[in-house]
1. Being among the basic types (Lys, Arg) and either loosely packed, with under 13 Cβ neighbours inside 10 Å or touching a residue at least 60 places away in the same chain (Cβ under 8 Å) (or both) is the filter here, so list the residues in region 295-315 that pass it.
2. Which condition does LEU61 not pass, out of (1) surrounded by 14 or more Cβ atoms within 10 Å (Cβ to Cβ); (2) at pLDDT below 95, if it passes all the others?
3. Within region 430-462, restricting attention to residues that are assigned to a loop (DSSP other than H, G, I, E, B) and charged (D, E, K, R), which residue is farthest from the chain's Cα centre (by Cα)?
4. Take the residues in region 391-403 that are hydrophobic (A, V, I, L, M, F, W, C) and closer than 10 Å to SER231 by Cα, then tell me which one is modelled with the lowest pLDDT.
5. Let me spell it out: the conditions are (1) part of a helix (DSSP H, G or I); (2) surrounded by 14 or more Cβ atoms within 10 Å (Cβ to Cβ); (3) basic (Lys, Arg), and LYS52 meets all of them except one. Which number is the exception?
6. Consider VAL210 carefully, then state whether it is farther than 22 Å from GLU29 by Cα and surrounded by 16 or more Cβ atoms within 10 Å (Cβ to Cβ).
7. Is one or more of the residues making up region 32-48 under 25 Å from MET206 (Cα atoms) and either in the same structural domain as LYS246 (by TED's automatic domain parsing) or in contact (Cβ under 8 Å) with a residue 60 or more places away in the chain (or both)?
8. Scan region 217-234 and give yes if some residue there is touching a Lys or Arg at 6+ places or on another chain (Cβ under 8 Å), in a helix (DSSP H, G or I) and touching a residue at least 60 places away in the same chain (Cβ under 8 Å), otherwise no.
Amino acid sequence: MFVLVSTVMTWAMTKPQNPEEADAVLTEEDFRRRRPHPSFRNHNNLEKLVLKLGKGSKSKLSSYVVASGLQYGKGENLFHYFFQVSWLLKLPKVPIFGPGTNHVPMIHVHDLARVIENIIELKPKSKYILAVDDSKNTLEDVVKMISDKLGPGEITTLEEQEAVAMKAFTPDELQYLSIDLRLDAFIIKDSFGLRWTSEHGMVENMENIVEEYKHARQLHPIKMCVVGPPSVGKTTVSEKLCRRYKIHHIKIKEVIEEKVAQLTGIVNGDDPESENTSEDVRAAARLQLDRINKSMGVNADRLDDHLVFDILKEKLNSKPCRNQGFVLDGFLKTYDQAQQIFLNEETETQSSEVETPVFNNTITPEHVIALEASDDFLTKRAQGLPESVAEKMRYTPDEFVRRLARHRELAAAEETLLDFFDELEIHPEQIEVTTDDPEYTDVVKKITQMVGIPRNYGLSPQEQEGEERRREEERKQKVAAEVAKKKRGNEAALAEMAAQYEEWQRNVSEVKRQEDELLEARSLPLRNYLMKYVMPSLSEAMLDCCKVKPDDPVDFLAEHLLRHNQDD
């Protein structure tokens, strides 16, 4: 048996027998009328060849052709770009290249595999089989649903050439996405007992498709919470973790300000999308904004807890946080706060026999980092801040002492914040901060070892290019620093050698001087002896020698000295 898995692109130019009918479809019965896309004529010829080889009573080959729709599932294949753009949320609208009104025949990869499995087992009489699901969705339907479930919820239409310019698709890939066919695969529906994964198509099954996509691409969100006393470094550590894992930094003050600005924009019509905002949405925004302003007016610019919790839960449930993840920076203080934010609202109605509380898995952190340090360490660090910074961070002496005392009081309560996570079996990682390292190298290293590798797309081509340039620049700087260090080392060594040589020369001169003085001191008695006992006799002998002028002066001197010595 030979099964050729081909493509519906060999049907791309086929017209229905009744094109005037709006719902006209093509089926396997029309396979002899199929007309391929110009780029897929070789595919069509191969289909014909496979069918021909299986014909005839003498043929020992049982051959089938499966014309597969555009495949999706797991990595999402051709549709991956739309999933990626939606997941990253870097564009306000997900682009469709072309009008998007074309009907795209598709099939889940699992269903395609089951079609082939059924062909092998059942050996159907029909040799040409269409493998498409029961959907008749347009490309716009598919992209809109991807954007709704995973991305910003909006789409925009661009020209097809933009796809190539943006490096979103190649020209060959655009050929697949521009196909416009309504196909009805009656053989697999009527003759095969398929256990469909996605019978009604991607649009109807998008939630499951999104989960498959995240699992296949390992795009699960990383959710962390960093807590600890004031001045321990929660914000700095959170920022470094966000850069490392490409997740969102949640600071409660900024979240509230962002929400107020958003509501104000909706109410005043300043929002770019305000033209499409319904009156009901605008009225709801006005009501929520009034509640916030009233609460802040009564509580000296502080919000009531229930309003803060609502805003925070909305932020944690937003698509950026649900897609990539977040680091919740130091907001949670008490057991009750965590309970009101993370426990499911239905928990109260459940049986009291349940030992483990039911929490909202979507927004509950999977990693809790509790930074700790001694009071002396924290106080010295706060005192070392410039006055302007201390006032901005509320680390003035009085405020800091009060905040630190409040933190210690909450940490000693009967039920603490860390107890809440322990009960959920999300055991906090307690890390002691003992050194005043502004980079928190050891702390961040411990956390990243606990959390693991990033779970995202990594760097885009542009970011990767920038990262490579940065690394190359770092490498050059490192090489230059090493060369400069080596040069300084050589210069220092030469200077040291020169200094040692000069010192050696001074020492040699000193030794020579001392030796000369010693020799001088040792020769003085001999000189005195010569001057007293030898030189007078010798001088007299030499004077006599000069007077006599003997033939042998040496012999004369010797006899003279000997005679003079005997006389003495």
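The values are calculated or read from the model by the stated rules, or taken from the named source; none is laboratory data. Note that the coordinates shown come from a computational prediction; the quantities given were computed from them, not determined experimentally. A quick note on method: Cβ atoms are made from the backbone with ideal geometry, for glycine too, and the neighbour counts reach across all protein chains shown.
1. ARG302, LYS315
2. (1)
3. Applying the filter and picking the extreme gives ASP436.
4. So the residue we want is MET393.
5. (2)
6. yes
7. No, because not a single residue in region 32-48 is under 25 Å from MET206 (Cα atoms) and either in the same structural domain as LYS246 (by TED's automatic domain parsing) or in contact (Cβ under 8 Å) with a residue 60 or more places away in the chain (or both).
8. no
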